[in-house]
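The block underneath contains the structure these notes are about, expressed in structure tokens.
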Amino acid sequence: MSALPILMYHGIPATPDPVPDPLRVPVADFRRQIATLTADGWELLGLSEALSAKAADADRPIVALTFDDGYADFLNAAVVLAEYGARATLYVPTGTVGTDGYLDWDQLTALAAAGVEIGSHSRQHRPMDTLPAEVLVAELVRSRGELAGRLGVPVRSFCYPHGYSSRRVRRAVADAGYANACMIGRRLARPADDRFALPRLQPGPGSTPADVRRLVECGEPGFAPVAKRALQPAWRVARLTAAHLGHQLT
């Protein structure tokens, strides 16, 4: 498989925020980004479909589109995807379905029927790498079962809440029956990458066509992505310590 750009989105609001939020790409900006990629000849697919297509033809020009958190404003993105014949994977934390600001089960059912891959984002959107083993397994198995049971679709893909994973977590994801999983990573996915630790790239509000082209061709620039990957183990220790102290104080 040649390099696969996997784009990561969160909110797609109808109008721009007064102060731009890097996790919220207004729908007009999103439309320009999708139009740019389509015009450049990229095929836009959900993650599981993209991985299968690249395995069959390594040179096929594919960008995978992913959306985290199951926000209600994904419906704005769905309109654009339909306009351009694009598909995507939507990661849903099942514990928030139907609550304020999030998609409900009827909306998720309609999206799945329209060709959106629905993946799991756990139940409670907690960092997976600091959870006790039994809680970790419950988050993975229960969320997958809820999505498959409610939507009547296979649930192949998982997305790590907050981007945190570890070897233990990745093994648990595979054991729970998922076929792939993605993190943040901020680089292009390469053939040698672990299918349960696929890196993604983050377009932002205001990204120009040139920005988007550089992103899918080269990955995210600068030293920050490398530094963040290097610091992950130390940060995990700090979060585990904080979680343990919090447990002792309750």
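Of note:
- Against the conditions (1) in contact with a Leu (Cβ under 9 Å, 6 or more places away or on another chain); (2) under 19 Å from residue 112 (Cα atoms), residue 34 satisfies every one except (2).
- Check on residue 168, surrounded by fewer than 17 Cβ atoms within 10 Å (Cβ to Cβ), touching a strand residue (DSSP E or B) at 6+ places or on another chain (Cβ under 7 Å) and at pLDDT 95 or above: no
- Of the candidates 23, 47, the single residue that is under 18 Å from residue 121 (Cβ atoms) and surrounded by 21 or more Cβ atoms within 10 Å (Cβ to Cβ) is 47.
- So residue 91, is it touching a Cys at 6+ places or on another chain (Cβ under 6 Å) and touching a residue at least 12 places away in the same chain (Cβ under 8 Å): yes
- Candidates 87, 60 - the one that is closer than 22 Å to residue 158 by Cβ, not in a helix (DSSP H, G or I) and not β-branched (Val, Ile, Thr): 87
- Condition check for residue 67: of a type in the set (Phe, Trp, Tyr) and either in a helix (DSSP H, G or I) or without any contact (Cβ under 8 Å) to a residue 12 or more places away in the chain (or both): no
- Residue within the range 94-112 that is within 16 Å of the chain's Cα centre (by Cα), β-branched (Val, Ile, Thr) and surrounded by 19 or more Cβ atoms within 10 Å (Cβ to Cβ) present: yes
- Qualifying residue in the range 203-224 (condition: part of a helix (DSSP H, G or I), modelled with pLDDT under 55, surrounded by 15 or more Cβ atoms within 10 Å (Cβ to Cβ) and in contact with a Lys or Arg (Cβ under 8 Å, 6 or more places away or on another chain)): no
- Only residues that are outside any helix (DSSP H, G or I), within 14 Å of residue 84 (Cα to Cα) and without any contact (Cβ under 8 Å) to a residue 24 or more places away in the chain were counted across the range 18-57, and they come to 2.
- Members of the range 153-202 that are in a loop (DSSP other than H, G, I, E, B) and touching a residue at least 40 places away in the same chain (Cβ under 8 Å): 153, 156, 164, 166, 178, 179, 186, 188, 190, 191, 195, 202
- Complete set of residues in the range 21-38 that are within 13 Å of residue 203 (Cα to Cα) and not basic (Lys, Arg): 21, 22, 23, 25, 26, 27, 29, 30, 33, 34, 36, 37
- Condition check for residue 14: among the hydrophobic types (A, V, I, L, M, F, W, C), part of a helix (DSSP H, G or I) and farther than 21 Å from residue 156 by Cα: no
- When residue 98 is tested against (1) outside any helix (DSSP H, G or I); (2) touching a residue at least 12 places away in the same chain (Cβ under 8 Å); (3) farther than 27 Å from residue 63 by Cβ, exactly one condition is not met: (2).
The values are calculated or read from the model by the stated rules, or taken from the named source; none is laboratory data. This structure is a prediction, so every number in the text was calculated from the model and none was measured. Positions of Cβ are backbone-derived with ideal geometry, glycine not excepted, and every protein chain shown enters the neighbour counts.
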